[in-house]
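Every read-out reported here was derived from the displayed coordinates using simple, explicitly stated rules and does not represent laboratory data. Here the structure is a predicted model, which means the values were calculated and not measured. We place every Cβ from the backbone using ideal geometry, glycine too, and count neighbours over all the protein chains shown.
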Amino acid sequence: MKRALNIILVDNDPYTTKAYPNILNQYGVINSEYNINILTAKCYDSAIKTINQKREETYKSTDVAFIEMRLPSSVNGKYCSGEDLCVYLKQNFPKVKIIVITSRYETLILSGVIQNVNPDAMLLKGDVNRAVIFDTLTKTLNNQPYYSIGVLTMLRKKLSSRLILEPIDRQILYELWKGTQTKDLVNYVPLSMGAIEKRKRKLRLEVGAKCKNDALLVDLVLQKGFQ
């Protein structure tokens with residue numbers, strides 16, 4: 001008898017929500033012991049609604065969740081990332097296998113994701129292909145952790161770097177990467193504008209940034225790696 005495998009894919013990238021289900025269905029064809037059911041959602045709110053509705057209709061919980069880290073904020077503004085969704089799932093569906101999908105720039109929050117979520121797998125979006133998804137599912141369903149090559153490279157660079165960033169600096173850089181204007185940082189970072197600018201100046205000195213371009217600052221930090 002086939003085992004139902006309920007998977008949700010949460011990503012606001014239309015390419016991902018079309019391509020990944022095709023690969024997951026191929027996995028189900030090859031691994032015939034599974035009857036794969038795939039749901040998709042584009043944000044925190046629709047993911048929670050979809051998961052809870054599925055449980056009410058079928059009395060079955062989600063088994064695997066592929067979650068992109070950069071998701072739109074919830075309607076109430078309380079939840080603003082894929083990490084928040086992962087934490088919610090861990091608390092309310094403790095048996096769900098969480099597979100995090102991240103980008104190179106999200107190395108800025110990598111430590112927090114690992115500490116707060118402890119995902120079953122973590123994939124760099126640029127690494128994802130049919131073979132990686134197959135390998136990820138097989139390992140996570142057998143309770144084996146999986147990190148894609150790109151994630152392992154980021155972690156190695158992070159561990160070997162001499163640049164040490166405080167959590168508040170990572171938060172500033174992450175907001176800058178997302179496109180938050182400097183004048184608006186005070187709405188996301190618990191510091192005054194003067195304190196934020198002081199930290200940005202210090203970071204520029206540490207990475208050798210010769211101009212005040214925020215995008216360049218973020219890129220230089222990522223190139224050097226940090227702890």
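Annotations
- Size descriptor, Kirkwood hydrodynamic radius, that averages inverse alpha-carbon separations across the chain, Å: 18.8 Å
- Amide H to amide H, with H built 1.01 Å from N, Ile36 comes under 5 Å of Leu5, counting only residues 5 or more places away or on other chains.
- Under the convention that each Lys and Arg Cβ holds +1 and each Asp and Glu Cβ holds -1, the size of the dipole of segment 24-115 around its Cα centre is about 80 debye.
- Derived scalar couplings ³J(HN,Hα) [segment 17-31; Karplus, 6.51 cos²θ - 1.76 cosθ + 1.60; whole Hz; x for Gly, Pro]: 6, 9, 6, 4, x, 4, 5, 5, 5, 4, 4, x, 5, 6, 9
- The packing ranking, built from the mean of other Cβ atoms within 10 Å per residue, places the peptides 80-89, 130-139, 5-14, 187-196 in the order 80-89, 5-14, 130-139, 187-196, highest first.
- Acute angle (nearest 10 degrees) that the helix 130-141 long axis makes with the longest principal axis of the chain, alpha-carbon atoms: 80 degrees
- Between amide H atoms placed 1.01 Å from N, distances below 5 Å from Met122 occur with Val100, Tyr146, Tyr147, Ser148, all of them 5 or more places distant or on a separate chain.
- For segment 167-224, with +1 on Lys and Arg beta carbons and -1 on Asp and Glu, the positive-most of Val221, Pro167, Val207 along the dipole: Val207
- Most positive-pole-ward Cα, Trp177, Cys80, Asn12, against dipole of the chain from beta carbon charges: Trp177
- To the nearest ten degrees, helix 193-207 and the longest principal axis of the Cα atoms of the chain are 90 degrees apart.
- Put a plus charge on the Cβ of each Lys and Arg, a minus charge on the Cβ of each Asp and Glu, and nothing anywhere else: the dipole of segment 167-224 about its Cα centre is then about 220 debye.
- Structural descriptor for the chain: relative contact order 15 percent, calculated from alpha carbon pairs under 8 angstrom and at least 6 residues apart.
- Sequence of Thr62, Thr17, Thr102, Thr182 once ranked by neighbouring C-beta atoms within 10 Å, starting from the fewest: Thr182, Thr17, Thr62, Thr102
- Basic side chains Lys and Arg get +1 at the Cβ, acidic Asp and Glu get -1 at the Cβ, and with that the dipole of the chain about its Cα centre reaches some 540 debye.
- Measuring against 24 Å, Cα to Cα, the residue pairs Lys42/Lys78; Lys90/Lys157; Lys2/Lys139; Lys158/Lys202 contain Lys90/Lys157 as the ones spanning a longer distance.
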